[in-house]
Amino acid sequence: QVQLVESGGGLAQPGGSLRLSCAASRNIFTANRVAWYRQAPGKERELVASVRTGGSTDYADSVQGRFTISRDGAKNMVYLQMNSLKPEDTAVYYCNARYPLYGGDYWGQGTKVTVSS
């Protein structure tokens, strides 16, 4: 079993920044992929950013150049740095990790991000 706990959500103004954190109960580098998803009201959950074991990253077109995903193996943490926030970034953000050794995909409980003036 793996537990993922997100933090760092809140209210930000358009153009502002937030950093989301995800604490994993297992070594983050034994996950073959870690990712951030988001779900806005009335919309489906969508992939925001991901990083694979080798370090390659992928971003949704809507956040490319504004968001950065990173990992800290010493702390078993995954981060999402969000800059130049827009109202359309408002959503609940979920941490996801894929651990083949522990049975597959795991999700955090989500952290809410609201971008509004």
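The values are calculated or read from the model by the stated rules, or taken from the named source; none is laboratory data. Bear in mind the structure is a predicted one, so any value in this text is a computation, not a measurement. Positions of Cβ are generated from backbone atoms using ideal geometry, with glycine treated the same way; all protein chains shown enter the neighbour counts. These area figures cover heavy atoms from the full protein model, side chains too; ligands, DNA and RNA do not enter into them. Shrake-Rupley method; radii C 1.70, N 1.55, O 1.52, S 1.80 Å.
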Rg(Cα)/(2.2 N^0.38 Å) for the range 9-54, N = residue count: 1.43
Per-residue HN-Hα couplings for the range 95-107, Karplus 6.51 cos²θ - 1.76 cosθ + 1.60 at θ = phi - 60°, whole Hz, x for Gly and Pro? 8, 9, 9, 10, 10, x, 5, 10, x, x, 7, 10, 10
Total charge of the residues flanking Ser56 in space, meaning their Cβ is under 13 Å from its Cβ, with Lys and Arg +1 and Asp and Glu -1, is +2
Cβ under 12 Å from Gly110's Cβ, Gly110 left aside: what net charge do those residues give with Lys, Arg +1 and Asp, Glu -1? +2
For the chain, dividing by residue count, accessible area per residue (probe 1.4 Å) in Å² works out to 51 Å²
Between beta-carbons, use under 14 Å as the cut-off and find the net charge around Leu101, counting Lys and Arg +1, Asp and Glu -1. +2
With a 1.4 Å probe and all protein chains left in place, how much of the accessible area of the chain comes from carbon and sulfur atoms, in whole percent? 46 percent
In percent, how large is the relative contact order of the chain, given Cα pairs closer than 8 Å and 6 or more residues apart? 38 percent
Using a 10 Å cut-off on Cβ atoms, rank the peptides 13-19, 79-85, 65-71 from the highest mean neighbour count down. 79-85, 65-71, 13-19
Could you run the Karplus curve 6.51 cos²θ - 1.76 cosθ + 1.60 with θ = phi - 60° over the range 12-29 and give me ³J(HN,Hα) per residue in whole Hz, x for Gly and Pro? 9, 7, x, x, x, 10, 9, 10, 8, 10, 9, 9, 9, 7, 10, 3, 5, 7
Out of Thr53, Gly65, Tyr37, whose Cα points farthest toward the positive end of the dipole of the chain (charges: +1 Lys, Arg; -1 Asp, Glu; placed on Cβ)? Thr53
Under Karplus coefficients 6.51, -1.76 and 1.60, residue-wise ³J(HN,Hα) of the range 59-70 in Hz, glycine/proline x: 9, 5, 4, 5, 10, 3, x, 10, 10, 9, 9, 8
Taking +1 at the Cβ of each Lys and Arg and -1 at the Cβ of each Asp and Glu, which of Leu20, Leu101, Ser7 sits farthest along the dipole of the chain towards its positive end, judged by Cα position relative to the Cα centre? Leu101
